[in-house]
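Have a look at the structure below, then the notes.
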Amino acid sequence: MAGPLPIADPAPADGLLPASATTDAASRVFGVYLHVPFCRVRCGYCDFNTYTSGELRGARQEDFAHQAAAEVRFARDVLEASGAPDGPASTVFFGGGTPTLLPAADLVRMLGAVRDAFGIAGGAEVTTEANPDSVDADDLRRLADGGFTRVSFGMQSAVPHVLAALDRTHDPMRIPLVVGWAREAGLDVSLDLIYGTPGESLADWRTSLGAVLAERPDHVSAYALIVEDGTKLARRIRRGELAAVDDDLAADMYELADEMLVEAGYEWYEVSNWATDAAHRSRHNLGYWRGDDWWGVGPGAHSHVGGVRWWNAKHPAAYAERLAAGVSPAVGRESLDHATRETERVLLATRIREGVEVSSLHAGGRHAVAGLIADGLVDARTALAGRLTLTRRGRLLADAVVRRLLETVFE
Amino acid sequence: MSPRAAAPLVPAATDPALIRNFCIIAHIDHGKSTLADRMLQITGVVAERDMRAQYLDRMDIERERGITIKSQAVRMPWALRQAEGPEQPYALNMIDTPGHVDFSYEVSRSLAACEGAILLVDAAQGIEAQTLANLYLALENDLEIIPVLNKIDLPAAEPEKYARELADLIGGSPDDVLRVSGKTGMGVEDLLDRVVERIPAPTGNADAPARAMIFDSVYDSYRGVVTYVRMVDGQLNPRERIQMMSTKATHEILEIGVSSPEPTPTKGLGVGEVGYLITGVKDVRQSKVGDTVTSAAKPAAEPLAGYTEPLPMVFSGLYPIDGSDYPELREALDKLKLSDAALVYEPETSVALGFGFRCGFLGLLHLEIVTERLRREFDLDIIATAPSVVYEVTTEDKKSVTVTNPSEFPTGGKIAEVREPIVKAAILAPKDYVGTIMELCQSRRGTLLGMEYLGEDRVEIRYNMPLGEIVFDFFDNLKSKTAGYASLDYEPAGDQAADLVKVDILLQGEQVDAFSAIVHRDKAYAYGVLMTGRLRELIPRQQFEVPIQAAIGARIIARESIRAIRKDVLAKCYGGDITRKRKLLEKQKEGKKRMKMVGRVEVPQEAFIAALSGETEKKDAKK
């Protein structure tokens, strides 16, 4: 959700979708994303669509569950009216912001709205992100009781000076506690890490990875820090207060993470994601990379149905106004043509372990495969079996691989 | 207008005894154009309301940079008080000369059209090297010199000091040095009087076959070529057929006239007069500076002396930054050529820069003016390769090769001798900088010829130096080491044998032609280190390690390498990131069109440009 919204066509007020977007919808997995745009403090590196209480311009956190539920009902009406099957949802994901800044009851109420509107498939994956210091044992139990199956903790690091550089406020000692509570509540656990923070050494990173592995989560995400324009972090680096991020060190850190995680029995399934087994991969996120359909609820949330992408008004106040007026909260949308969808398909599928089917590629892309094998970027064995899967080195250079695969698509 | 601005004498019917032809010799910013403006105003040829600053400088570039590139001639009336009787009107022809050494041939032809020269010197700065060079030329042409100090209204003016300096230089007393202000007009009337009194009238044979010397030739998009001439013998008339004596080509005079300062048709031009001809030709090459115009019906037997073909001294490759602009660049050069007889070019291809042109120039300023005009008048983004001079290479099998481009330098170690052009350089600077300047010249393989004090605190230092050393940022270095005080002039002084080698720059083993340079063997290593270092900073990391080498033939003399990029992946790519990521990919795709491939190495055009121009900015750490 980073950065300004893309420039695109205006979105229609009624939100209706073209027939082309809904014809094959039954064959695709349907997910719902709910964006909770609130944080207690804004972290220096974050450019997500989130607001502290002082920035809300009259929008109220306590009204949010109600507004989100309104958009869920709007979504159902639009999909029905557009001829798409309205559910059930196979995955639901609460992201932010900090969803757990809202009372557990609000999150459960929002999930209830999804259930009422679309139904929730049996064995569905229902995740919320959480800050280690914004939940306790009771909250986690209430969430589990309310239908949540998985919690993803924003741990980021186990090293105090790294957490401080990121403006993270939680005590690293809290991680074992919250993971334990989540386990007791019966929730699957994912831990999120950030590496490449200014001042973070390879030894610091090894410490954080060790701390993660000590908790044996089902799932681990590890993201290289992105210094986004306009963030406090970018300003501090520009002013020389913090060291610039060194890409070579970040590459060393990625390699260390992959080594330690694989050693401990985890498997990568996306460039920045590892899981203990196929069952614990994030099915919701896989939907993004596989080109499935999802409805993104909440300010600034993005949606995708059958090659149509749209995104909501970013500010919670503007978002609320539109919903109150019975108008689609979407402010921009794009209908992808065939070539663009193909670009996105290759761009996204290359990132995941199941990869791209060689035979599905444009001739130019197929032609690039031998060179990618020679350069050690894609796995030779799986390529010969017909699928492109990135090697460790290839994952670090995934964007370059995508450019080479797509080199001739635009020409 | 002065009350003494006279009624003009009629051209073609003016007694040569009443004509005065003169030019103004001055350094770039010593106020020549401003003084000329005042003269136009005082003599009444330009009305007050039509006056604009630097009236005679037509090109924007000239007006902006305060320099005159193309000369022009203006006819002005001026009446002199007689001891008895009425005032006597005269016709003054002011011939504007280019001020820069690159155009020394044009300067010499302008001087040859005059009988006298105003030596104009800034009263706050004193004489500069180029002015000195042009003064020598004027004295060689036997011109009467009128020394003048300008800008005496400036608080920093030191007229006493510089009057002594001028008197020392040309003889006479400091009291003979006139003091004027082009800005306020102070002293300008006295100057006009002095011109009439001191400068001899032209002489020539009115009954001989017509002979007129071309001292300038200007392309006008509406009228074709306007040829400026100084009549020596005979007369030229409207509708007459004329012949160019160097080519024997004949044309009909469609219009003949004088500039005052707007072109004014006349019934002809007679002995000693200065004016213009229009024949309808479209290319200045058909009307060459220095050539003699005669009557086709009754041609002269001998042309006037002093004509030579312009000879390019400095060569550089000009390339469009956007390769698709190549046809526009060709068209632009074709158009520039119409107004610039000295510009030569031919197509050239470069691995690094694509399709472009190898161009020959009279000197560095000429190069700069042409590239600036291409940018400004034709809206072209272009890059110029490092300027090179002309080398004569003799191979062991006695073949001689003229090298204007390092890529033509014979390879394979069978070179018997390389000769390089040398110049006599004269540098004028305050005496405190002598040590610095000598150090610089010595480092550029200069040989000291002599040193002279000019006035109390300024020195003229003369060196023999390879032209190749001068074209490689010598002037910039000189200026920066002397706080801008030093001025430079140089003139060709033959050639010399030198131990020169070609240094190639290789990217992953592939030669990058735009960076090859012919340098002295002692400097090859320094050049290699400089260029490999620059490229290492400027070329983005690739998916593999890229060695950058400098080599003389097969021998590597310097080496750098660009480490392989290890990380090129967006860490997070979730629902809201996809559109942004795709747009980024499309942008990179567009960016790739501006990439040049050297073997497998992708090099942004900007990197080549920055390396050539020496702006070694840190490349973006992120791709």
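The values are calculated or read from the model by the stated rules, or taken from the named source; none is laboratory data. As the structure is a computational prediction, the values presented were derived from the model and not from experiment. Neighbour counts run over all protein chains shown; Cβ positions are idealised from the backbone, glycine included.
Quick notes on this one:
- Any hit, the range A:35-45, residues being modelled with pLDDT of 95 or more and out of contact with any Gly (no Cβ under 9 Å at 6 or more places or on another chain): no
- Verdict on B:Ile118 being under 28 Å from B:Glu262 (Cβ atoms) and crowded, with 19+ Cβ neighbours inside 10 Å: yes
- Taking residues in the range B:456-470 that are closer than 10 Å to B:Pro421 by Cα, and partners anywhere that are in a helix (DSSP H, G or I) and at pLDDT below 90, the pairs with Cβ atoms closer than 9 Å and at least 6 places apart or on different chains are B:Met465/B:Phe474.
- Selection status of A:Asp277, out of contact with any Gly (no Cβ under 6 Å at 6 or more places or on another chain) and within 12 Å of another protein chain (Cβ to nearest Cβ): no
- When the range B:558-573 is limited to residues that are of a type outside the set (Gly, Ala, Ser) and surrounded by fewer than 18 Cβ atoms within 10 Å (Cβ to Cβ), the one that is farthest from B:Val501 (Cα to Cα) turns out to be B:Lys572.
- Only listed residue being buried (at least 22 other Cβ atoms within 10 Å of the Cβ) and either closer than 28 Å to B:Gly44 by Cβ or not assigned by TED's automatic domain parsing to the domain that holds B:Leu119 (or both), chosen from B:Gly182, B:Gly187, B:Gly204, B:Gly224: B:Gly182
- Only listed residue being closer than 27 Å to A:Ala317 by Cβ, modelled with pLDDT of 95 or more and over 20 Å from the mean Cα position of the chain (by Cα), chosen from A:Ala59, A:Ala130, A:Ala65: A:Ala65
- For B:Leu166: the one exception among (1) surrounded by 17 or more Cβ atoms within 10 Å (Cβ to Cβ); (2) out of contact with any helix residue (DSSP H, G or I) (no Cβ under 8 Å at 6 or more places or on another chain): (2)
- Selection of the range B:560-582 for residues being at the interface with chain A (Cβ under 8 Å from one of its Cβ atoms), out of contact with any helix residue (DSSP H, G or I) (no Cβ under 7 Å at 6 or more places or on another chain) and among the small types (Gly, Ala, Ser) yields B:Ala571, B:Gly576.
- Filter pass, B:Ala163 being more than 30 Å from B:Pro299 (Cβ to Cβ), in a loop (DSSP other than H, G, I, E, B) and within 30 Å of the chain's Cα centre (by Cα): no
- Qualifying residue in the range A:120-132 (condition: touching a Pro at 6+ places or on another chain (Cβ under 9 Å), of a type in the set (Val, Ile, Thr) and under 18 Å from A:Ala301 (Cα atoms)): yes
- Filter result for the condition that a residue is farther than 28 Å from B:Glu408 by Cβ and surrounded by 21 or more Cβ atoms within 10 Å (Cβ to Cβ), over B:Asp291, B:Asp340: B:Asp291
- If you check A:Arg76, A:Arg57 for being basic (Lys, Arg) and touching a His at 6+ places or on another chain (Cβ under 9 Å), only one passes: A:Arg57.
- Within the range B:583-594, residues that are at the interface with chain A (Cβ under 9 Å from one of its Cβ atoms) and among the hydrophobic types (A, V, I, L, M, F, W, C) have Cβ atoms under 8 Å from residues that are surrounded by 12 or more Cβ atoms within 10 Å (Cβ to Cβ) and assigned to a helix (DSSP H, G or I) in these pairs: B:Leu585/A:Thr343; B:Leu585/A:Leu347; B:Leu585/A:Asp399; B:Leu585/A:Val402; B:Leu585/A:Arg403; B:Leu585/A:Leu406, counting only partners at least 6 apart in sequence or on another chain.
- Boolean, A:Asp258 is surrounded by fewer than 17 Cβ atoms within 10 Å (Cβ to Cβ) and modelled with pLDDT of 95 or more: no
- The condition of being in contact (Cβ under 8 Å) with a residue 40 or more places away in the chain, of a type in the set (Gly, Ala, Ser) and closer than 30 Å to A:Val78 by Cβ holds for only one of A:Ala398, A:Ala330, A:Ala325, that being A:Ala330.
- Residues (more than 12 Å from chain B (Cβ to nearest Cβ), assigned to a loop (DSSP other than H, G, I, E, B) and acidic (Asp, Glu)) located in the range A:230-273: A:Glu241
- Some residue of the range B:261-271 being surrounded by fewer than 19 Cβ atoms within 10 Å (Cβ to Cβ), more than 24 Å from the chain's Cα centre (by Cα) and on the phi > 0 side of the Ramachandran plot: no
- Single unsatisfied condition, B:Leu318 versus (1) outside the structural domain of B:Cys359 (by TED's automatic domain parsing); (2) surrounded by 23 or more Cβ atoms within 10 Å (Cβ to Cβ); (3) of a type in the set (A, V, I, L, M, F, W, C): (1)
Condition check ((1) charged (D, E, K, R); (2) touching a residue at least 40 places away in the same chain (Cβ under 8 Å); (3) closer than 18 Å to B:Glu115 by Cβ) across all residues:
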| residue | (1), (2), (3) |
| --- | --- |
| B:Leu192 | no, yes, yes |
| B:Tyr219 | no, yes, no |
| B:Tyr222 | no, no, no |
| B:Ile256 | no, no, no |
| B:Gly268 | no, yes, no |
